[in-house]
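Below is one structure, written out as structure tokens, with a few remarks after it.
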Amino acid sequence: MLFMDKIYLRYKLLIIALMISNFVFAQQQDTLSFLQITDTHLMFNLENYDSKVAHHRLETRGYRNANSNFKEFFQTVPLKTKSDFVIITGDIIDFHDARTSNGKVLAFQVEAFASFLDTFHIPTYLTIGNHDLFSYEWGEDKVIPDQYKTGKARAAWIRNFDVFREGNYYSRIFQVGKTTYRLIFLDDSFYIFEEEEKMVPPYVDKPQLHWLKTQLEESDTDVEIILMHLPFTEKSIEASSNNELYSLLSKSPGTKLILAGHRHRDAIMDIPQTSSVLVQVETDALVKDVNHWRFVQLMENKITVSSMGSTEQEVVISLE
């Protein structure tokens, strides 16, 4: 009975949040504000896993403050900045499943995060990162990750979060004054390839690529913002890389901004387009510092992105 009560409460809170969200964004507004964080690397109940794995992630890797940083951020920054919602661009959890000391495999990190996020009652959008699909085991005196259970991990994310109700990639449309913004949330989380495949990440599969093309072509007037985990690198935008995602976005004049993470760094890069420049903003990992967040404002005639940990504008993209 207690389990069913908990499920009912989560469902009720979700419906209320969606009703509020739909009401707010249906209104005509001058500015839409949100926060971007990334690489939170949350971990739950590590005592259930191989102690060597736990020690490596907490101490050697330095992720001991992952959960406390996340909690402090959600309890303070959205209210302080009066943000409409939060976007987490991948590596939300540190792993999907891992082995215990007796060789069994436990997979409950996605569900544990769902319960943790519910406690903050703040509208949140997600993209999936490589760690959100990872399986861990200990060997050769190190943690060995793999992505062999990608299908199972993605299914867990889809099952537990309403933002993924249409699948592991999706879009949302917001009206700001006379400007229509289309936020496109991609899944470029798979990145472990064989050397002979000559694949240069970021990578999205063919079905997602075709879906993205229809999103970009659906309107000639909307402004697109791409949210994804793995960013473009200098190598991936070279012609020799044959990166299909870059090839598509570079021909899309309505795409103005990419927000990403993964490399745990603060970086801004202009990506060439056919008729303009696409700005890519990388945000450093929240697991390293609670002030690793960006404040993004969407207005009728411009987009602004703050420097990390501040509301002070660092990037201004004119739409005129």
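The values are calculated or read from the model by the stated rules, or taken from the named source; none is laboratory data. Nothing here was measured: the structure is a model prediction, and the numbers come from that model. Reconstructed Cβ throughout: ideal geometry from the backbone, glycine too, with neighbour counts over all protein chains shown. Just the protein is used for accessible areas: all its heavy atoms, side chains included, with ligands, DNA and RNA removed. Shrake-Rupley method; radii C 1.70, N 1.55, O 1.52, S 1.80 Å.
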Practice item. Filter segment 72-95 down to residues that are open to solvent by less than 10 Å² (accessible area, probe 1.4 Å) and in contact (Cβ under 8 Å) with a residue 60 or more places away in the chain and give me whichever is nearest to residue 286 (Cα to Cα). Key: 73
Study note, to complete from the structure: residue 153 fails exactly one of (1) open to solvent by 40 Å² or more (accessible area, probe 1.4 Å); (2) not in a strand (DSSP E or B), namely (1)
Point to revise | Members of segment 222-270 found to be under 15 Å from the mean Cα position of the chain (by Cα) and at positive phi, listed by number | key: 262, 264
Study note, to complete from the structure: Residue count, segment 102-142, condition open to solvent by 20 Å² or more (accessible area, probe 1.4 Å) and more than 21 Å from residue 36 (Cα to Cα), comes to 14
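Please go through segment 31-43 and pick out each residue that is of a type outside the set (Asp, Glu) and buried (at least 16 other Cβ atoms within 10 Å of the Cβ).
Result: 32, 33, 34, 35, 36, 37, 38, 40, 41, 42, 43.
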Check your understanding: Limited to segment 268-278, what total is found for residues that are open to solvent by 20 Å² or more (accessible area, probe 1.4 Å) and part of a strand (DSSP E or B)?
Key -> 5
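Does residue 33 fit the bill of being at pLDDT 95 or above and either small (Gly, Ala, Ser) or farther than 18 Å from residue 118 by Cβ (or both)?
In short, yes.
Tell me, which residue of segment 279-291 that is in a loop (DSSP other than H, G, I, E, B) and acidic (Asp, Glu) is least open to solvent (accessible area, probe 1.4 Å)?
In the first step, residues of segment 279-291 are kept if they are in a loop (DSSP other than H, G, I, E, B); the result is 283-291.
Those still in the list that are acidic (Asp, Glu) too: 284, 289.
Numbers: 284: 18, 289: 58 Å².
This residue is 284.
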Study note, to complete from the structure: The residue that is least open to solvent (accessible area, probe 1.4 Å), considering only those in segment 292-313 that are in a loop (DSSP other than H, G, I, E, B) and farther than 22 Å from residue 71 by Cβ, is 307
Check your understanding: On the given criteria, is residue 264 at pLDDT 95 or above, closer than 19 Å to residue 128 by Cα and in contact with a Gly (Cβ under 8 Å, 6 or more places away or on another chain)?
Key -> no
Revision key, fill the gap. Of (1) in a strand (DSSP E or B); (2) without any contact (Cβ under 8 Å) to a residue 60 or more places away in the chain, residue 120 fails just (1)
